[in-house]
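To keep things clear, I will list the structure first and then write my remarks on it.
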Amino acid sequence: MRAQANRHIAEALDPGIWSDWFAQLDRGFVFLLVLPFVVAVVGLWAAYRDEDDDRDGD
């Protein structure tokens, strides 16, 4: 039982398996998968920049 669990963990952490999985994904799907993260990062950056500008203006 423990050997099987270790094998599953090793498979989950194997970069070769992950790269094969990513290679099989449709590019449009990857774009839609990544888009919310990009929007969030840009929003956080804009909020940080706006906050920083407010401090400099005082």
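Every residue, every condition in (1) touching a Gly at 6+ places or on another chain (Cβ under 7 Å); (2) at pLDDT below 90; (3) not hydroxyl-bearing (Ser, Thr, Tyr), yes or no:
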{"residue": "MET1", "(1), (2), (3)": "no, yes, yes"}
{"residue": "ARG7", "(1), (2), (3)": "no, yes, yes"}
{"residue": "ASP20", "(1), (2), (3)": "no, no, yes"}
{"residue": "TYR48", "(1), (2), (3)": "no, no, no"}
{"residue": "ARG55", "(1), (2), (3)": "no, yes, yes"}
{"residue": "ASP58", "(1), (2), (3)": "no, yes, yes"}
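Would you check if ARG27 is basic (Lys, Arg), out of contact with any helix residue (DSSP H, G or I) (no Cβ under 9 Å at 6 or more places or on another chain) and exposed (fewer than 10 other Cβ atoms within 10 Å of the Cβ)?
yes
The values are calculated or read from the model by the stated rules, or taken from the named source; none is laboratory data. Predicted, not measured: the structure shown is a model, and the values here were computed from it. Every residue, glycine among them, receives a Cβ derived from its backbone with ideal geometry; neighbour counts consider all protein chains shown.
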